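Here the structure comes first, spelled out in structure tokens, and everything after it is commentary.
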Amino acid sequence: MRHRDAPLGLEDVGTLDWDKMQGLLPAVVQDRATLQLLMLAYVSQDALQETIRTRRAIFYSRSRQELWRKGETSGAWLENAEVFSDCDNDALLILADPAGPVCHLGSTSCFTTQTAPGLGWLAELERIIEQRIADGDGDSYTKKLSQGGIKRVAQKVGEEGVETALAATGGEADDLVEESADLMFHLLVLLRMKNLSLADVAERLRQRHAESRR
């Protein structure tokens, strides 16, 4: 039996409750990194099977009554898709990595014009840092910083850590926020240069928490 937390496989498609909505299921799509809600669409059994096989989110267009391969014309695919069902097996969650704006109006999400809210912005910032390191021009601070090498970036993390501690003990609240932002930015650059991310750090913290409750 499939574990509740595991993504659906092809063998699970037939176990879903397709009768409730005449052969379709609603599917919400969430950005895997930022957790921002991107869109709501519907899938048929064929669409779901193709999604699982290709790891690209495929939907069913109720207006055209055919499969909708989102990104086929725009290039804004929803990549690395994993599909999860709810407890009643009649609604789906798709976690994916968007290759471009999801909304046809050009925004990241169909629900808002804003980029990832709250802590999700840190994951968006990681993407920006990765892009700047790879493709940034000579005026990019991130590019220049990365070109200084791991030791230089690690030194900056140390410096910003000290400044953050000093702001906490002798500065105003806003000073602590400013220094914390500097520390976080340089830490994200350091992690990226070591092919790591905040998700790796969060997972380690989750593991520690689980172990501390045993």
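Restricting to strands (runs of 3 or more DSSP E) lying wholly in the stretch 1-78: which have 2 or more residues that are within 27 Å of ALA116 (Cα to Cα), under 22 Å from the mean Cα position of the chain (by Cα) and outside the structural domain of ASP200 (by TED's automatic domain parsing)?
Of the strands (runs of 3 or more DSSP E) lying wholly inside the stretch 1-78, those with at least 2 residues that are within 27 Å of ALA116 (Cα to Cα), under 22 Å from the mean Cα position of the chain (by Cα) and outside the structural domain of ASP200 (by TED's automatic domain parsing) span 25-31, 37-43.
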*asked:* Here's a check for you: in the stretch 113-136, which residue that is part of a loop (DSSP other than H, G, I, E, B) and hydrophobic (A, V, I, L, M, F, W, C) is nearest to LEU40 (Cα to Cα)?
replied: ALA116
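Can you tell me which residue among ASP135, ASP182 is at pLDDT below 95 and within 29 Å of ARG32 (Cα to Cα)?
After ruling out the rest, the residue left standing is ASP135.
Does ARG192 qualify as being in a helix (DSSP H, G or I) and within 20 Å of the chain's Cα centre (by Cα)?
On the way: in a helix (DSSP H, G or I): yes; within 20 Å of the chain's Cα centre (by Cα): yes.
In short, yes.
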*Might you let me know whether the stretch 42-60 holds any residue that is surrounded by fewer than 13 Cβ atoms within 10 Å (Cβ to Cβ), in contact with a helix residue (DSSP H, G or I) (Cβ under 9 Å, 6 or more places away or on another chain) and in contact (Cβ under 8 Å) with a residue 12 or more places away in the chain?*
yes
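Here are some residues: CYS110, CYS87. Which one is assigned to a loop (DSSP other than H, G, I, E, B), assigned by TED's automatic domain parsing to the domain that holds LYS70 and of a type in the set (A, V, I, L, M, F, W, C)? Before you say what the answer is, go through the steps one by one.
Values: CYS110 fails: assigned by TED's automatic domain parsing to the domain that holds LYS70.
So the residue among CYS110, CYS87 that is assigned to a loop (DSSP other than H, G, I, E, B), assigned by TED's automatic domain parsing to the domain that holds LYS70 and of a type in the set (A, V, I, L, M, F, W, C) is CYS87.
The values are calculated or read from the model by the stated rules, or taken from the named source; none is laboratory data. This one's a predicted model, so the numbers in the text were calculated from it and none came from an experiment. Neighbour counts are summed over all protein chains in view; Cβ atoms, including those assigned to glycine, are modelled from backbone coordinates with ideal geometry.
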